[in-house]
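The values are calculated or read from the model by the stated rules, or taken from the named source; none is laboratory data. Please read these numbers as outputs of a predicted model, since none were measured by experiment. Here the Cβ positions follow ideal geometry from the backbone for every residue, glycine too, while neighbour counts run over all protein chains shown. Surface areas here come from the heavy atoms of the whole protein model, side chains and all, with no ligands, DNA or RNA. Shrake-Rupley method; radii C 1.70, N 1.55, O 1.52, S 1.80 Å.
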Amino acid sequence: MTTDAIPLADLGRLRDAARRTTRLRLLAVLGVAAAAAAALVVSLRTHPQTAAFLPIGTNGIVVLDVSASISNETYARIAGTLDRLATSHSRYGLVLFSDTAYQALPPGTPARELEAFRRFFTVPAQTVPGGAPLPPANPWSEQFSAGTRISTGLQLALDVIHAQRLGHPGVVLVSDLDDDTGDIEALTSVALAYRKLGVPLRVVGLSPSQEDARLVTRLLAHPSDLRRVTGSDGGLRAEPTSAAPLVVLTLAAAAFLALLLALTERLRWGEM
């Protein structure tokens, strides 16, 4: 019994093909590793504890409700919201409002500066039996009345955007949305101005009533722009699956690349 020997002249072609296969396999492995690393970076950048509510690169302004309608429970939610924003590694301006509004921090202020305002919304533990604990005194309590006019805060933020000619502006409204009935027309007008100008407006609703939430939702560009908060975590955590689609697509693309290289090389070997 005899076996066919590979002609000596073909050894060079086989050697070159083997080397090419090794290089392609190495490239496929490196591609998969790079894709996995990119997916990990994306996952870390969208960590749910520090994700921003506005798009990346936005010059944000936080419009914060400090009216008398804010309860002790809502104070805790405001504190949680400020805590989330302060650790977001972003930059924000800050507008406080009740029946009127004023700018507390200019746009571009490091988000960590919001932590200084958190203490005004930290309600101490009850110390007198039968008595409700009161929030600490704040610098604006004598400047605002008991009324709530959300339009004043949003309008001031818009005025600041225009005055400073901010590029890529965005506004986050933090409120229980319990607006004065006499402010509805003005609120509708300023909300429409945001939509017309293309300025992103996001709302953190602090346990709003169903009626108030429905009203504000109708004024927003998208229903998802309103995020309701019932706990004290601030409501600014990213959705758990926010990075999942990009991670899956990245890994799928890497797997497809590896498969394509393998099939291509198999065809090359078959042609020899």
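Tabulated results
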quantity	calculated
Inter-residue pairs, beta-carbon under 9 Å, first assigned to a loop (DSSP other than H, G, I, E, B) and in segment 78-90, second open to solvent by 10 Å² or more (accessible area, probe 1.4 Å) and among the aromatic types (F, W, Y), 6+ apart	S88/F53
Unmet requirement for G270, which otherwise passes all of (1) open to solvent by less than 90 Å² (accessible area, probe 1.4 Å); (2) part of a helix (DSSP H, G or I); (3) modelled with pLDDT of 65 or more	(3)
Tally of residues being under 20 Å from the mean Cα position of the chain (by Cα) and of a type in the set (G, A, S) across segment 151-170	3
Members of segment 83-136 found to be among the small types (G, A, S), modelled with pLDDT of 85 or more and open to solvent by 40 Å² or more (accessible area, probe 1.4 Å), listed by number	A116
Pairs where the first residue, in segment 51-64, is polar (S, T, N, Q) and at pLDDT 95 or above and the second is surrounded by 24 or more Cβ atoms within 10 Å (Cβ to Cβ) and in a loop (DSSP other than H, G, I, E, B), C-beta under 9 Å, 6+ apart	none
Residue check, T74 at pLDDT below 85, under 23 Å from S209 (Cα atoms) and either among the aromatic types (F, W, Y) or assigned to a helix (DSSP H, G or I) (or both)	yes
